[in-house]
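Chemist: Below you'll find the structure I mean.
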Amino acid sequence: MSATAELKSSGLEGVSAGKSAVCCVDQGTLLYRGYEIADLAKNATFEEVAYLLLVGEKPNATQLANFKKSLLAHREIPDDVVDILRQTATQPNAHPMDVLRTCISYMAHFDPDCQSIDPEAELRKSTRLTAQIPTIIGHMQNIIDGRDIVKPDPSLDHAANLLYMMTGRKPSAEEARIIDVSLILYAEHDFNASTFTGRVIAGTLSDLHGAVAGAVAALKGPLHGGANEAAMEMLKEIDQFIAKGGTVDDFMTRAFAEKRKLMGFGHRVYKNGDHRAGILNALGRAYAEKKGPDAVKWFDIGDKVQKIMLDQKNIFPNVDFPCGMTYFTLGIPVPQYTPIFVAARITGWAAHIMEQHQNNRLIRPLAEYTGPAQRKWNA
Ligand code: SDX
């Protein structure tokens, strides 16, 4: 096989696997349905971006009001799902991403549209899941904390309600906006591994909940969405290393010698930086500076790690690196970082699943066989 073919088949790097009108990811821009990510992060709310991704156009005032009313109406989750949370959330081997995946699968049985791939039914299901996933995350954290369930608060917007349900404390406007922007940044990213997983499942004409459950499983991996948790754990490891007299430079020298993958760095598509990382880093650092030196410390360590990665490896941070530091400063438990990524990416996944169903062909690539030549069983 030629070197180019070898390259293309290793993780499908550089291979275009289909057409999509949802998102454009390239070195120069990140567009959701034609709107640039910095424009959305500055001027839109997550509810507006969710509508844009699911429906395809920016909502007018009436459409937004109706969409928000629908999200509010569907925030509650069935008691049976809360029971599943009580049985699974504190299991010693249960990671919140696995618990969330289980609950999403389980919720399909309570959704009247679950077997339908009709566009209207899928839009209803997508809206319901967008509303319900933050509640699953909130109730899950309440159970892990051994506290009473915090019910959704209808007076709070989507992002603020997510934080409130996790902690029982109403966030400040700044805290709510930071989460809101992080949800916008995480919402969509064309044929990333989890979205493509969802499209492959949808390509068999299987249902939306099943495709989303598969996407959640894909996103959990530390090479993908799980990197935001792993990035924060790496920063905590560096902090402990420094506390024992080490330096960031020493840590990084050892990491390079061990050929260690630094979590929150690198990207299959972006080789000159992730458009989203700088936006979240600026928001997170500004908030940390108000919280004081114990919070700013993480961003100072982060800046040193970023500089060494750039100077010595020419590798840029991706969105997961600033996410770790920012969510940590907001007091969010590390194991809930990737579930919050799901609370955002459900909108991108659903948009792609609906797009696949509406113009479908089974996704079935070829494999290049490298096994033994034909041989006889009773040789
Ligand atoms: C997300 O696809 C998307 O759009 C994903 C995402 C989205 O919004 O959906 O953007 C979200 O998943 C972001 C990525 C989060 N993952 C991580 O931060 C995990 C750490 N990153 C790496 O594992 C890696 O950068 C990947 C997986 C993200 C991309 O890997 P590639 O394209 O397969 O590149 P590679 O592993 O082949 O690396 C090329 C070179 C290698 O060096 P050599 O072996 O050729 O000498 O760069 C090095 C790698 O060792 N390298 C790294 C590195 N990333 C690449 N070295 C150290 N640390 C890293 N993080």
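Chemist: Using beta carbons and a limit of 6 Å, which pairs, at least six apart or on different chains, have the first residue in region 285-305 and in the same structural domain as residue 242 (by TED's automatic domain parsing) and the second one charged (D, E, K, R)?
Modeler: Between residues of region 285-305 that are in the same structural domain as residue 242 (by TED's automatic domain parsing) and residues that are charged (D, E, K, R), the close pairs are 296/289; 299/285.
Chemist: How many residues are charged (D, E, K, R), part of a helix (DSSP H, G or I) and open to solvent by 70 Å² or more (accessible area, probe 1.4 Å) when one looks only at region 239-256?
Modeler: Residues meeting the conditions: 3.
Chemist: What's the number of the condition residue 323 fails, among (1) surrounded by fewer than 21 Cβ atoms within 10 Å (Cβ to Cβ); (2) touching a residue at least 60 places away in the same chain (Cβ under 8 Å)?
Modeler: Against the list (1) surrounded by fewer than 21 Cβ atoms within 10 Å (Cβ to Cβ); (2) touching a residue at least 60 places away in the same chain (Cβ under 8 Å), residue 323 comes up short only on (1).
Chemist: May I ask you to list the residues in region 169-221 that are part of a loop (DSSP other than H, G, I, E, B), over 23 Å from residue 128 (Cβ atoms) and among the small types (Gly, Ala, Ser)?
Modeler: 172, 221
Chemist: When you go through 117, 149 one by one, which is the residue that is under 16 Å from residue 349 (Cα atoms) and open to solvent by 20 Å² or more (accessible area, probe 1.4 Å)?
Modeler: Answer to the selection: 117.
Chemist: Right, something else. Restricting attention to region 302-332, report how many residues are among the β-branched types (Val, Ile, Thr), in a helix (DSSP H, G or I) and under 24 Å from the mean Cα position of the chain (by Cα).
Modeler: Looking only at that region, the number is 3.
Chemist: Okay, moving on. Being closer than 18 Å to residue 336 by Cα and surrounded by 24 or more Cβ atoms within 10 Å (Cβ to Cβ) is the requirement here; does residue 164 meet it?
Modeler: Here the answer is no, as residue 164 does not meet what is asked.
Chemist: Suppose we filter 211, 176, 159 for residues that are within 16 Å of the ligand (Cβ to nearest atom) and either modelled with pLDDT of 95 or more or basic (Lys, Arg) (or both); which single one remains?
Modeler: One residue alone meets the criteria, 211.
Chemist: What pairs come out if I take residues in region 362-377 that are at pLDDT below 95 and pair them with residues that are open to solvent by 100 Å² or more (accessible area, probe 1.4 Å) and of a type in the set (A, V, I, L, M, F, W, C) whose C-beta lies under 8 Å away, six or more apart or interchain?
Modeler: Correct list of pairs: 368/1.
Residues checked against (1) free of Cβ contacts under 8 Å to residues at least 24 places away in the same chain; (2) touching a Cys at 6+ places or on another chain (Cβ under 9 Å):
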| residue | (1), (2) |
| --- | --- |
| 21 | no, no |
| 24 | no, no |
| 41 | no, no |
| 71 | no, no |
| 92 | yes, no |
| 96 | no, no |
| 108 | no, yes |
| 111 | no, no |
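Okay, residues lined up against (1) in contact with a strand residue (DSSP E or B) (Cβ under 9 Å, 6 or more places away or on another chain); (2) more than 13 Å from the ligand (Cβ to nearest atom):
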position	(1), (2)
236	no, yes
241	no, yes
245	no, yes
252	no, no
259	no, no
265	yes, no
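Residue by residue, here is whether (1) of a type outside the set (A, V, I, L, M, F, W, C); (2) under 21 Å from residue 348 (Cα atoms); (3) in contact with a Phe, Trp or Tyr (Cβ under 9 Å, 6 or more places away or on another chain) holds:
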{"site": "15", "(1), (2), (3)": "no, yes, no"}
{"site": "40", "(1), (2), (3)": "no, yes, yes"}
{"site": "46", "(1), (2), (3)": "no, yes, no"}
{"site": "50", "(1), (2), (3)": "no, yes, yes"}
{"site": "57", "(1), (2), (3)": "yes, yes, yes"}
{"site": "62", "(1), (2), (3)": "yes, no, no"}
{"site": "71", "(1), (2), (3)": "no, yes, no"}
{"site": "92", "(1), (2), (3)": "yes, no, no"}
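Chemist: Would you check if there is a residue in region 193-202 being under 20 Å from residue 340 (Cβ atoms), within 12 Å of the ligand (Cβ to nearest atom), open to solvent by 30 Å² or more (accessible area, probe 1.4 Å) and under 13 Å from the mean Cα position of the chain (by Cα)?
Modeler: Yes - at least one qualifying residue is present in region 193-202.
Chemist: What's the number of the only condition in (1) under 23 Å from residue 338 (Cα atoms); (2) touching a residue at least 60 places away in the same chain (Cβ under 8 Å); (3) part of a helix (DSSP H, G or I) that residue 138 fails to meet?
Modeler: (2)
Chemist: Sticking with this structure for a sec: Touching a Ser or Thr at 6+ places or on another chain (Cβ under 9 Å), over 21 Å from residue 169 (Cβ atoms) and open to solvent by 50 Å² or more (accessible area, probe 1.4 Å): does that describe residue 368?
Modeler: Here the answer is yes, as residue 368 does meet what is asked.
The values are calculated or read from the model by the stated rules, or taken from the named source; none is laboratory data. Note that the coordinates shown come from a computational prediction; the quantities given were computed from them, not determined experimentally. Methodologically, a virtual Cβ is constructed for each residue, glycine included, from the backbone with ideal geometry; neighbour enumeration extends over all protein chains shown. What goes into the accessible areas is simple: the full protein's heavy atoms, side chains included, and nothing from ligands, DNA or RNA. Shrake-Rupley method; radii C 1.70, N 1.55, O 1.52, S 1.80 Å.
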